[in-house]
Amino acid sequence: MTNVCQSCGMPLDKDPEGGGSNADGSRNSTYCSLCYSKGQFLHPHFNVTEMQEHCIEQLKNRGMPTFMGWLFTRGIPKLARWNSDDTSQTRH
């Protein structure tokens, strides 16, 4: 199974940067570069619904039909960043 960003669900092997970056500049293998950079979330105040809407809009801007974007974002609430029972959401 492909590893996916635990914030947006993007397959990490599709990330142009190969993953996010930690504060020390090392590669982060939990989050993609579109969600996490220099040890911080790029959208720290988003809730899960806002992240889904943001991802749908970004996919739409890249030519994907809105319905397909909606399908691709249905799993976001199950990812570590949004799972309130998962303490790894703050792990870097």
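Largest GNM mean-square fluctuation across 77, 44, 11, computed for the chain with C-alpha springs under 10 Å, falls on 44. Candidate values (1) -0.53, -0.86; (2) -0.67, -0.94; (3) -0.60, -0.87 were compared with log10 I(q)/I(0) by the Debye sum over Cα atoms at q = 0.15, 0.19 Å⁻¹ computed on the shown model; the agreeing label is (1).
Lys and Arg at +1, Asp and Glu at -1: add these up for the other residues within a Cβ distance under 14 Å of residue 69 and post the number. Don't skip to the end; give the middle numbers.
Values: positive: 60, 62, 74; negative: 53, 57.
With Lys, Arg at +1 and Asp, Glu at -1, the net is +1.
Secondary-structure-derived ellipticity at 222 nm for the chain, considering helices only, amounts to -7000 deg cm²/dmol, per-run term -39500 (n - 2.57) for DSSP H runs with n ≥ 4. Around the Cα centre of the chain, unit charges on the Cβ atoms of Lys, Arg, Asp and Glu (plus for the first two, minus for the last two) sum to a dipole of about 120 debye.
Are there trypsin sites (Lys or Arg not before Pro) in region 1-52 that DSSP marks as loop and that have at most 12 other Cβ atoms within 10 Å, and which are they? Before the final figure, lay out each step's value.
On the way: sites: 14, 27, 38; in loops: 38.
Passing sites in region 1-52 are 38.
Potential lengthening of the chain between residue 13 and residue 58 amounts to 14.4 nm, from the contour at 0.36 nm per residue minus the alpha-carbon distance. Assuming R0 = 22 Å, can you tell me the calculated FRET efficiency for the pair residue 78 and residue 27, based on Cβ-Cβ distance, to the nearest 0.05? Efficiency at R0 = 22 Å is approximately 0.40. Multiplying the residue separation of residue 68 and residue 45 by 0.36 nm and subtracting their alpha-carbon distance yields 5.8 nm.
Throughout, read-outs are computed from the coordinates displayed, never taken from laboratory work. Because the structure is a prediction, the values reported are computed rather than measured. Counting neighbours? That spans all protein chains shown, and the Cβs are built from the backbone with ideal geometry, glycine included.
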